[in-house]
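Working notes, structure below.
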Amino acid sequence: MVHKMETLGYSQDNLSPIMSKLTMDFHYGKHYNAYVTNLNKLIEGTEFADMPLNEIIVKSEGGIFNNAAQASNHGLFFTQLTPQGLQTKEGKLYEAIISTFGSFDELRIQMSKVAKTLFGSGWVWLASKDGKLEIKSGSNAYTPLVDGMKPLMAIDVWEHAYYLDYQNRRPDYVDAIWDILDWKVISKRFE
């Protein structure tokens, strides 16, 4: 099975000024592409060759795990973005957010705090298990899949996600990323 990059539902220059075309060219076109390409090379001729991505993640370690998790993480990250920044205030996910965090704003505050203070490179996730929501975070190629959870929404805090546009101002990037999230896509992941 050859793994492929997720196709964008928008042009690489449509997320500007929050995420510039230059950042997209490097982040999507080079970093994400490299994870997928490296994964395909690493699994060729191995027990992982015919496995779906999520299965590789939970059954592998080392370089295969890192590239599989990063390929999955980036696919989820890029497909949740939209130039319009769609926030929905209805549906099962919205109800779960209110039940868990009290308000959408409180979810945003809590996730942003984790993303702004995570040391080094990594990911911050809104994840679910058995319909219950939780904010998860981890360094490097962390994914909630390793904890038996479903990843719903991601904030990529690797420097390559923001450095060309925000330099060392990660908090500005974290605040801005919320404006280009597509909550319809994120909600479908919850259902």
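The values are calculated or read from the model by the stated rules, or taken from the named source; none is laboratory data. On a predicted model such as this, the values are computed, not experimentally measured, just so you know. Every residue, glycine among them, receives a Cβ derived from its backbone with ideal geometry; neighbour counts consider all protein chains shown.
Per-structure values
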read-out	value
Any hit, segment 104-121, residues being modelled with pLDDT of 95 or more, under 14 Å from the mean Cα position of the chain (by Cα), under 26 Å from W178 (Cβ atoms) and not in a helix (DSSP H, G or I)	yes
Count of segment 68-102 residues which are of a type in the set (F, W, Y) and touching a helix residue (DSSP H, G or I) at 6+ places or on another chain (Cβ under 7 Å)	2
Candidate set from segment 18-68 (those that are without any contact (Cβ under 8 Å) to a residue 12 or more places away in the chain and within 30 Å of D179 (Cβ to Cβ)); member that is surrounded by the fewest Cβ atoms within 10 Å (Cβ to Cβ)	K30
Pairs where the first residue, in segment 139-153, is assigned by TED's automatic domain parsing to the domain that holds V185 and among the acidic types (D, E) and the second is at pLDDT 95 or above and surrounded by fewer than 15 Cβ atoms within 10 Å (Cβ to Cβ), C-beta under 8 Å, 6+ apart	D147/K129
Segment 134-191, subset crowded, with 19+ Cβ neighbours inside 10 Å and polar (S, T, N, Q), residue farthest from the chain's Cα centre (by Cα)	S187
Counted residues, segment 3-54 - those being assigned to a helix (DSSP H, G or I) and aromatic (F, W, Y)	4
